[in-house]
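Structure, as structure tokens:
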Amino acid sequence: MSGLVVAFSLGVAALLIGRFDDAAFLRERTLVQNAVGSHIEELAKPIMPQVIWDEAVHRLDNHFDNKWAHENLGIYLFQTLHVQFSTLLDSNDRPIYGSVAGKDVVTPRLPRDKAVDILIASIRNAEKERGPLPAGIQTNGEISKPITANTILNIDGEPHALVALLVSPDFGRYRPRSARAPILLAARRLDGDFLSVISDRVMLDGIHLHTGVASEAGEAHAVLTDKLGRPVATLDWLPIKPGRQMIGEIGPALTSVAVILLTSLVLLFRRSRRIANGLIASEARATHLAFHDTLTGLANRAMFIQRLTEGLSRLGRSGESVTVLCLDLDRFKEIDDTYGHLVGDELIRQASSRAARLCRSHEALARLSGDEFAIVQVDGSPDDAATLAGRICDALSQPFDLSAGRVFISCSVGIAVASNADIEPAELLRQADLALYRAKATGRGRFCFFDPEMDALIKARRLLEEDLRIAIRTDGLTMAYQPQVDGDGRMTGVEALVRWRHPERGDIGPAYFVPIAEQCGLIRELGTFTLRRAFTDSRDWKGLRTAINISANQLQAKDFLPSLESLIAETGIDPTDFDLEITEGVLLRDDPDMHETLEGLRELGFSLALDDFGTGYSSLSYLRTYPINKIKIDRSFVANLSFEDASREVVATMIHLAHALKLSVIAEGVETVEQHDWLSAAGCPDAQGYLFGAAMPVGEIGRLWQAQASVPTDIDRSVLVG
């Protein structure tokens, strides 16, 4: 009973003390917050003469003068008012001038987050309510009242007072060009001078400022927030504690009793709480990691399947549908390979953030793997899914500003809709993935709904993959060769082209089965087959050059050069009689391994030709960086020579560039005599196309080569290949 009485007495005393101290703290915090607010409002007053000024309207709006802005905003505000950051926004709220510590900067340092947007919006609302300014010069006072707003903002890890002021005339000699005048954003660090002013106003000791919301023991604090209520910094001070002053007088007598009774309980409580908090935090972290993606913070595949399963289980009761949208970033691998994985991760984070902002509460976005995302849409309609997919495609087609620079991508979306609960989650996801494949195959940057016909096409494609595998391994493929001629129509070389005659489907073009080989991992076997057959066939026409296409997968293989050396030894060919044609897409991997491989091909004696020249991303840099011997002008330019001046100018530039770099040049897709005559006159007599012959069997090439060799040199030999 004595213990209970003492504990009750201590509790009552503590309650009274706490109430006294709390009341004092609330009063002090109110004083501090009011003092901070009023002082930040006062920061705008000395800045007003620089922007509420007829000359400011003239120099910053009517005719923007960067030098005037530098002297009257950047330098003046920094040297006179200690404004570290200043940014001027035009009528569309876009930055047109920025200064840091009195020095102009190209990119303004002030962040454009929601707090700044709200600040700007408040200025614009006040400007709109004010309405148009009166015309003419006012002689009885200023033409307009100042329009300002302020907030506290974290800039570079330090709290700043941010003031926004509308550029306005004072007597009306100049008026803004439009209904929206420029806005000046000026930020001043909350430094020692700021703390000194606050301390003098509220008469409190030990005031200091730090970021975050934590407070030192024994100190009172007031959290300074921005326009959104987010904490930016904390003001701490030594509080006046009347309750503790009272307990200081009676405390010694009570402390001796309280310590004995409470020490053991406090120790036990703290230990138990620490253990419990540790277990809770550990379990929360494990649960979060099990169901969320570590890079983006989105749901992962496990949570996606769980949400999808839950949505399908409610289908019978709700009568609505469940929709799955599969998203894939077009050109992501190209950017990831070009700029590195860190930039790729940065792109993934920005893209997922854009997509997440477009999803509503019943639309769960998840990252499945790499650049593949998926959305579960519950209780929605196909129209809702189409609307969401269109918005995502539009949003992700906008440029991304990354650390490596600005990049552009697009997004393809596949959509599958389930209206009954019989379908399995994995099957619905597979259907959406098939629709995604169709969207990519039909142009990318678009969305496509699943159709049962897609299943049949996929099954047929898989059968074709197996047939192609068998054809490669059983010599079911053949080679054809298209002549290449000089300016006199004499055959000087051939391009090796693989052909496939399916026993049931008939002739299948390379444009169809080569991508299949790339996707199912057969491209290296197909490439080896092409090289072996071309090497073997070329032995029948000594002295005739042979061009062979090489894929990116072949060049990237570690054993490509050794296997090529084995083929040379096996077939006994002379590598100097061959051109290996590569596309610019192969050269996107600008790394030491690719350079080493291409140099190895040159050392073996092969010539390197850049195919489809002019259709890639940085042809000039490739010509300077890689050991290229020849460029091949793409047929898309040649086809328009007869009726487009622009095509003729582009082709002429390509030919001139090749000559300047001492490179050979050949044009493909030549179909008319006029095209060949123009190319020859422009300096590119070597050509290839239907004018001289389509791809033909090896025997026919041998016959033409022998016939050409028997014709005297002074006879027009174009008839041999025409």
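What follows draws every value from the coordinates through simple rules; no lab data is involved. Note that the coordinates shown come from a computational prediction; the quantities given were computed from them, not determined experimentally. In this analysis, Cβ positions are derived from the backbone assuming ideal geometry, glycine residues included, and neighbour counts consider all displayed protein chains.
Annotation for the stretch 534-551 versus the stretch 367-401: alpha-carbon center distance of 49 Å. Taking other C-beta atoms within 10 angstrom as a stand-in for reagent exposure, I628, I280, I523 fall in the order I280, I523, I628, fewest first. Spin-label pair E466-I240: with each label point 7 Å from Cα along the Cα-Cβ axis, the two points sit 9.0 nm from one another. Projecting the Cα atoms of P134, A222, W500 onto the charge dipole of the chain (Cβ charges, centred on the Cα centre) puts A222 farthest toward the positive pole. In this label model, R602 and I75 are separated by 5.4 nm, measuring between points 7 Å along each Cα→Cβ vector. T536 to A646: extension gain in nm, 0.36 nm per residue of separation minus the Cα-Cα distance? Answer, rounded to one decimal: 35.4 nm. Comparing Q556, L691, L522 along the charge dipole axis of the stretch 478-720, the residue lying farthest to the positive side is L522, per the Cβ-charge model. For the listed peptides 76-82, 528-534, 403-409, a ranking on the average number of other beta carbons within 10 Å per residue, highest first, reads 528-534, 76-82, 403-409. Taking a ≥ b ≥ c as the square roots of the Cα gyration tensor eigenvalues, with a/c under 1.5 meaning rounded and otherwise prolate when a/b beats b/c, else oblate, which class fits the stretch 257-365? Judged from the Cα gyration tensor, the stretch 257-365 comes out oblate (a/c at least 1.5, b/c at or above a/b). Rounded to the nearest 20 debye, the dipole size of the chain about its Cα centre is 2520 debye, using +1 on the Cβ of Lys and Arg and -1 on the Cβ of Asp and Glu.
For the chain, the 222 nm mean residue ellipticity estimated from helices alone, with every DSSP H stretch of n ≥ 4 adding -39500 (n - 2.57) and the total spread over all residues, rounds to -15000 deg cm²/dmol.
Only helices at least 30 Å long along their axis, Cα-based, and averaging 0.5 or more on Kyte-Doolittle count here, so list those DSSP H runs from the chain. Going by DSSP H runs, the hits are 2-43, 242-291.
By the gyration tensor of its Cα atoms, with a ≥ b ≥ c the square roots of the eigenvalues, what is the shape of the stretch 478-720: rounded for a/c under 1.5, prolate for a/b over b/c, or oblate?
Because its axes are fairly even, with a/c under 1.5, the stretch 478-720 counts as rounded.
What does the C-alpha gyration tensor say about the overall shape of the chain? Classify as rounded when a/c is under 1.5, otherwise prolate if a/b is larger than b/c, or oblate. Prolate, because a/c is 1.5 or more and a/b exceeds b/c.
Summarising the label geometry, the points placed 7 Å from Cα in the beta-carbon direction at L342 and K558 lie 2.6 nm from one another. Take every Cα pair under 8 Å whose residues are at least 6 apart in sequence, average their separation, divide by the length of the chain, and the relative contact order is 8 percent.
Of Y512, Y481, Y97, the sequence from fewest to most neighbouring Cβ atoms within 10 angstrom is Y512, Y97, Y481. Magnitude of the charge dipole for the stretch 299-422, about its Cα centre and with charges confined to Cβ atoms of Lys, Arg (+1) and Asp, Glu (-1), is about 300 debye.
Near G192: Cβ cut-off under 13 Å, other residues only, Lys/Arg at +1 and Asp/Glu at -1. The net charge is -2.
Maximal additional length on extending the L265-S403 stretch stands at 44.2 nm, based on 0.36 nm per residue less the C-alpha distance.
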